[in-house]
């Protein structure tokens with residue numbers, strides 16, 4: 001069933017050759033260009049003492065994981081409530097639908113990320129290194145985080161529709177409290193612990209460490225992060241199963 005819903009989600013987005021070209025190639029380039037222009041020419045964003053690092057490269061490496069997470073979170077909210085045609089009529093675990101929706105988004109953004117990294121290397125914004133392939137570790141962790149949080153927001157939305165507005169209000173706050181458009185090195189150390197409450201803080205830092213500060217990359221930090229996320233997954237999965245029998249009465 002997972003593959004069926006994944007295929008449907010992909011076909012809904014890629015319904016023609018031109019849309020495939022747009023979503024995989026043109027859209028990533030346009031998005032990066034717009035962000036680069038806004039933050040460098042309008043907001044005059046800089047990386048502080050890290051001027052040797054290309055700002056557009058730094059922005060791209062942090063922006064793509066963020067876009068994957070934010071789109072997956074927004075898509076997760078309605079993943080259950082919009083499938084009322086399946087609730088109570090056929091025996092389908094709607095967690096499969098949620099997982100398929102999130103998986104499709106991460107596949108799209110993974111391809112976009114690889115395209116952007118390739119372009120950055122072609123234009124010498126970054127130099128190829130074998131340790132770049134380690135990015136798949138924080139990428140998969142982020143995928144797991146998205147699914148864990150998705151279980152929570154999808155089940156809550158069935159009973160409380162305003163959760164979508166709450167998520168939309170929280171996303172900008174989350175964006176500006178992770179080092180995407182600025183270097184973490186310009187933030188006083190005493191604020192790092194506060195910023196670490198953002199679930200993306202450790203993940204985005206790991207992406208930047210892999211590509212720009214590899215000597216700071218810590219697999220142990222990611223392991224500790226997973227030790228927090230795994231219990232959260234078990235809680236949100238339990239929460240979903242607890243509410244699932246009531247879905248049919250509210251949709």
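Every number in this text was worked out from the coordinates using simple rules, so none of it is lab data. This is a predicted model, so every value here is computed, not measured. Every residue, glycine as well, gets a Cβ built from its backbone with ideal geometry; the counts of neighbours run over all protein chains shown.
Structure values in brief
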read-out	value
Stretch gain in nm, segment residue 195-residue 49, where the contour uses 0.36 nm per residue and the Cα spacing is subtracted	50.5 nm
0 to 90° range, to nearest 10: angle between helix 163-176 axis and the chain longest Cα axis	10
The chain - mean residue ellipticity at 222 nm from DSSP helices (-39,500 (n - 2.57) per run, n ≥ 4, rounded to 500)	-21000 deg cm²/dmol
Label-reachable residues, the stretch 194-210, where backbone N falls under 20 Å from a point 7 Å from residue 232's Cα toward its Cβ	194-209
Acute angle (nearest 10 degrees) that the helix 136-159 long axis makes with the longest principal axis of the chain, alpha-carbon atoms	40
Nearest 10 degrees, 0 to 90: helix 27-37 Cα axis against the chain principal axis	50
Cα gyration tensor category, rounded, prolate or oblate, for the chain with a/c compared to 1.5	prolate
The chain: relative contact order in percent, alpha carbon pairs under 8 Å with at least 6 residues between	29
Separation of alpha-carbon centers, the stretch 52-78 and the stretch 180-214, rounded to whole Å	14
The stretch 134-251: equivalent-ellipsoid semi-axes (sqrt of 5 x gyration tensor eigenvalues, Cα, Å)	31, 17, 11
